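Encoded as structure tokens, here's the structure I'll be asking about.
Any read-out appearing in this document is the output of simple, stated calculations on the displayed coordinates, not a laboratory observation. All values reported here derive from a predicted model rather than from experimental measurement. Reconstructed Cβ throughout: ideal geometry from the backbone, glycine too, with neighbour counts over all protein chains shown.
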Amino acid sequence: MKKSKLMVAVLSVAMVSSLFAGCASKKTAGGSSSGIDKDQHLTVAFNVNDVKTLDPSKSSDGYSGNIDQEAQETLGREKIVNGKDIMTKAGASDWKVSSDGKTWTFTIRPNKWSDGKAVTAKDYEYSIKRTLDKKTASIYAYLLTGAGIKGAAAYNAGKGSADDVGVKATDDKTLVITLDKPCTYFEKLLSGKLFTPQRQDIVEKYGDKYGTTADSMVYSGPFKVDSIQMGAQVKLSKNDSYWDKKTVKLQKVTVKFMPDESARMNSLMNGELDIAGAPTQEWMDKLKTNDKLKGYTYSETGTNYEFFNQKVKLFSNANVRKAFLLAYNHPDQIKAFWQGTGKAAYSWVPDTISIGDDNYRQKAPEFMKDNATEAKALLKKGLQELGMSTDPSKVKVTYLSGGTDSRSKEMADWVISNYKKNLGINVKVAAEEWAQFTDDVNNSKYEMAGMNWGADYNDPMTFFDMFQTGAGVVPTNWSNKEYDALVDDAKNTTDQAKRLADFQKAEKILINDNAVIIPTVFRTASPFVYKYVKNYNYISFLGPGASEWKYMYTQGR
């Protein structure tokens, strides 16, 4: 995840980690005869103030997605094996693909919901179709329509029937998904939250409250949610109805919402948290002095970026947007905020993404540049085209920030300073908590904003189909027929060389020609984990937490 990872705030730093080895053979203090601690619990922190919902069809950020994928059983589950991120069988014990690549047949594993009822193929069928239902208004339905599930696009557009969608439970243990065409990345989607089961009776019983409280859902994954305290924490416990409960050692997991950087780091240092990511080089240096912690560094599969609402008159002009892009001083921002935790992004797709067996970025070199002189000329040209005053001091822009903590404020102040210096314009900041921020962005109630996009799966497509006309993931209100056609062409072929060429052209249309977005930072995850935490997996596509709790345990706490 996002796994998309789904959307995360630009001012946040993901709490991530890596695979830890470790199994002592002798009993430790407070431990059991097997050597592991008797009291198995874990406390982690998400650097947002809350999550809006755990409804897998409606949640729109990687934080809720991370919890979803621990509390529900996706058809496949990613796991680190010999240092590699691979897809393993999970909710499905097996799947077979037809010779033409269009029919996927899943054998649903015997499993039970947290209330003891059997999980069936029908629960997976219902979940996928609920996400596609236009009435659900899922902003991630495009992942299903884009993969080419038969009848999905028509149903999602309100023009087709659920019965015509190529997702069928032929019996309690068999799910058949039919595609219009082979999809090169379809298997990579199976560990995403859109491929979790949902119980129709529970969804209908709780209606709009579904997913907002612990008791408004039932759970099919390694853990179940015990309580949701918005603005504070989510508590989970081991799901004893889970098919693979013998593997799960943790009895309790607490997720604390801690957007404040200092509070989060101090909580890690005093032992209130077991894992947290260092947001700055200064914090990394401090944490390295604690011999109970071990730090790691990993390149993330996401990109920080700025984006514009093109319904706003100023940003309806491509030359104005290009001016903002060229005026963005990447080296200065890295020096100010990302030393040791990120590098300048001069393209959209990070160098952690593959196309087939190749690294996409190595095949498609970065192409952006910073040029404040050219930016000023483009701003003047764009303002003339709009019939507006060419005096930059009269240009006023509101920048929407997805955070109210001190680091968010510092970075927002940098945006003000950068554009004042390089364009001579006036920027003011509107700072909101994450849930309100995502609501306003999704409803186009912004002028300019910044976020991070984390890849949902390991293929460039996860960075491109989100900007196709009608996708709605990030409502920039931009539409381009040539871009749409190139992305569709990349979906409709299994020829990776052809896909590479299509993506390269699309990336330049998106950025060089139209400046729909400004890629800013390729982030580096710098997790610090107490050494008693074992089997901690860094799974780059899981979400901002990037942690698979199922296999973790503590020893020697």
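Rounded, prolate or oblate: which fits the chain when a ≥ b ≥ c are the square roots of the eigenvalues of the alpha-carbon gyration tensor, with rounded for a/c under 1.5 and prolate only if a/b beats b/c?
oblate
Here's a follow-up. Can you give the direction-averaged projected area of the convex hull of the alpha-carbon atoms in region 91-250, in nm²?
One quarter of the hull surface, i.e. the mean projection, equals 10.0 nm².
To the nearest 20 debye, what charge dipole does region 302-524 have about its Cα centre, counting +1 at the Cβ of each Lys and Arg and -1 at the Cβ of each Asp and Glu?
Values: 27 positive and 29 negative charges, 193 e Å.
The dipole magnitude comes to about 920 debye.
Return 474, 320 ranked ascending by Cβ neighbour count within 10 Å, so the fewest neighbours appear first.
Arranged by neighbour count, lowest to highest, 474, 320 become 474, 320.
7 Å from Cα along Cα→Cβ at both residue 428 and residue 444: what's the point-to-point distance in nm?
For the pair residue 428/residue 444, the computed spacing is 2.3 nm.
Once you have a ≥ b ≥ c as the square roots of the Cα gyration tensor eigenvalues for region 363-486, tell me rounded if a/c is under 1.5, and otherwise prolate or oblate according to whether a/b is larger than b/c. Please list the in-between numbers first.
Working: a/c = 1.63, a/b = 1.20, b/c = 1.37.
It comes out oblate by the Cα gyration axes.
First obtain the Kirkwood hydrodynamic radius of region 144-217 from its Cα pairs, then insert it into the Stokes-Einstein equation at 4 °C and 1.567 mPa s, and state the resulting D in µm² per second as a whole number.
Numbers: Rh = 14.2 Å.
Using the Kirkwood radius from Cα pairs, D works out to 91 µm²/s.
Further question on the same structure: Share of antiparallel DSSP beta bridges in region 302-524, in percent to the nearest 5?
In region 302-524, approximately 70 percent of DSSP beta bridges are antiparallel ones.
Relative contact order for region 302-524 using alpha-carbon pairs under 8 Å, separation at least 6, rounded to a whole percent? Intermediate values should be presented prior to the final figure.
Numbers: 389 pairs, mean separation 77.6, N = 223.
Computed value for region 302-524: 35 percent relative contact order.
Let me ask something else. Positive end of the dipole of the chain, charges at C-beta (+1 Lys, Arg; -1 Asp, Glu), about the Cα centre: which of 416, 467, 211 has its Cα farthest in that direction?
211
A follow-up question, please. Once you order the gyration tensor axes a ≥ b ≥ c over the Cα atoms, which shape class does region 302-524 get: rounded for a/c under 1.5, otherwise prolate or oblate by comparing a/b with b/c?
prolate
Can you tell me what share of the DSSP beta bridges in the chain is antiparallel? A percent to the nearest 5 is fine.
Percent antiparallel among DSSP bridges in the chain is about 80.
Still on this model: Roughly how many whole Å is it from the C-alpha centroid of region 301-326 to that of region 390-451?
Measuring centre to centre over Cα atoms gives 12 Å.
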